[in-house]
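These notes are about the structure you will find just below.
The values are calculated or read from the model by the stated rules, or taken from the named source; none is laboratory data. The structure presented is a predicted model; accordingly, all values stated were derived computationally and were not measured. Using ideal geometry, Cβ is built from the backbone for each residue, glycine included, and neighbour counts are taken over all protein chains shown.
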Amino acid sequence: MKATVLAHDGLERIRCRPPRDRTTPAVGDRVQFSVIRGERRIESITERQRCLWRPKEHGRLLMAANVDRVVLVVAPEPRLKLVMVDRVLVAADTHDIDVSIVMNKCDLASVAGVEEALKPYQDLGYRVYGLSALTGVGVDALHDELSRGLNVVIGQSGVGKSTLLNALVPGANLKSGELSRATGKGCHVTTVSTCHVMGEDWPHGGMVVDTPGVRTFGLYRMNLVDLSMGFREMLDLRLGCKFRDCLHESEPDCEVRRALEDGRVSPGRYQRYLNIVESVRSDEG
């Protein structure tokens, strides 16, 4: 199976055979390729940094490498899942990846509930954009931000990622789907990751990666102690815990639990943190 490589000199998209070591190239990989007797082949893949993974049966799949920004798309429909929001933020923050939360379908009357649910994330310093990919309201502001670096668009099926990409990238012509009337859940339309150039020509401008919709977001091989680093309100608090490897569960003299009692940490966020810790622990087992 060949991979498409974007050459920096001339910006030509070139179809190349994968490396001889059978490493599967991923979106965002930086590679060296050769042309020998007319055959183009990837010779090496630069060491990957800032990686995002997605779950698959019996393991995980590399979604993208060398990511500069995650664009997390949410909407009033399908129903907002805060646990998935928290999982994506943990993956991004612990790998030093910027995050923008995009609230799509802001033209719907039910958007008020989503705005209220996202307010605590704004208070924590996350950028939240309200827009409508369908009407075009608010799209220009996001376009300016995504015109730099490698940006990966993530969200549940049905939140309008492909419609948003069509609004951001003229000529993208990505298929978009509707919510299932029976379940209220999104229908999978994007089945593979696609990459689009925005702003100036790459590598000086930006690239946007559209990914298949997800109903969960895996956090594989993550150190349990590092999980709280993806919860910004716990970053400084964890320094006050008695034990350096405190998981803020039932350990004595835990500053995070003290903060929970006096209102400095949201009970909802704390409970989702515990759920994530337990799920990662179960994956390790």
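For residues that are more than 17 Å from the chain's Cα centre (by Cα) and assigned to a helix (DSSP H, G or I), scanning just the stretch 202-231, find the one that is nearest to Gly160 (Cα to Cα).
Across the stretch 202-231, the extreme among qualifying residues is Ser228.
Which number in (1) assigned by TED's automatic domain parsing to the domain that holds Val88; (2) touching a Gly at 6+ places or on another chain (Cβ under 7 Å); (3) at pLDDT 65 or above marks the one condition that Ser193 misses?
(2)
For the stretch 94-127, which residues satisfy the criterion of being hydroxyl-bearing (Ser, Thr, Tyr) and part of a helix (DSSP H, G or I)?
The one that is hydroxyl-bearing (Ser, Thr, Tyr) and part of a helix (DSSP H, G or I): Tyr121.
Could you list, in sequence order, the residues of the stretch 128-156 that are in a loop (DSSP other than H, G, I, E, B) and either at pLDDT 90 or above or surrounded by fewer than 19 Cβ atoms within 10 Å (Cβ to Cβ) (or both)?
If the condition is that a residue be in a loop (DSSP other than H, G, I, E, B) and either at pLDDT 90 or above or surrounded by fewer than 19 Cβ atoms within 10 Å (Cβ to Cβ) (or both), then Leu131, Ser132, Ala133, Leu134, Thr135, Gly136, Val137, Gly138, Leu146, Ser147, Arg148 are the ones that fit.
Condition test on Ala117, is it modelled with pLDDT of 95 or more, hydrophobic (A, V, I, L, M, F, W, C) and surrounded by fewer than 18 Cβ atoms within 10 Å (Cβ to Cβ)?
The answer is yes for Ala117.
Residues are listed down the side, and each one gets a yes or a no for (1) at pLDDT below 90; (2) of a type in the set (A, V, I, L, M, F, W, C); (3) assigned to a strand (DSSP E or B); (4) exposed (fewer than 14 other Cβ atoms within 10 Å of the Cβ):
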| site | (1), (2), (3), (4) |
| --- | --- |
| Ile14 | yes, yes, yes, no |
| Pro19 | no, no, no, no |
| Arg22 | yes, no, no, yes |
| Val27 | no, yes, no, no |
| Arg40 | no, no, yes, no |
| Glu47 | no, no, no, yes |
| Arg54 | yes, no, yes, no |
| Arg60 | yes, no, yes, no |
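Return yes or no: is Ser100 in contact (Cβ under 8 Å) with a residue 40 or more places away in the chain and in the same structural domain as Val159 (by TED's automatic domain parsing)?
So Ser100 fits the description; yes.
Quick one: which residue in Gly230, Gly205 is at pLDDT 75 or above and not assigned by TED's automatic domain parsing to the domain that holds Met84?
Gly230
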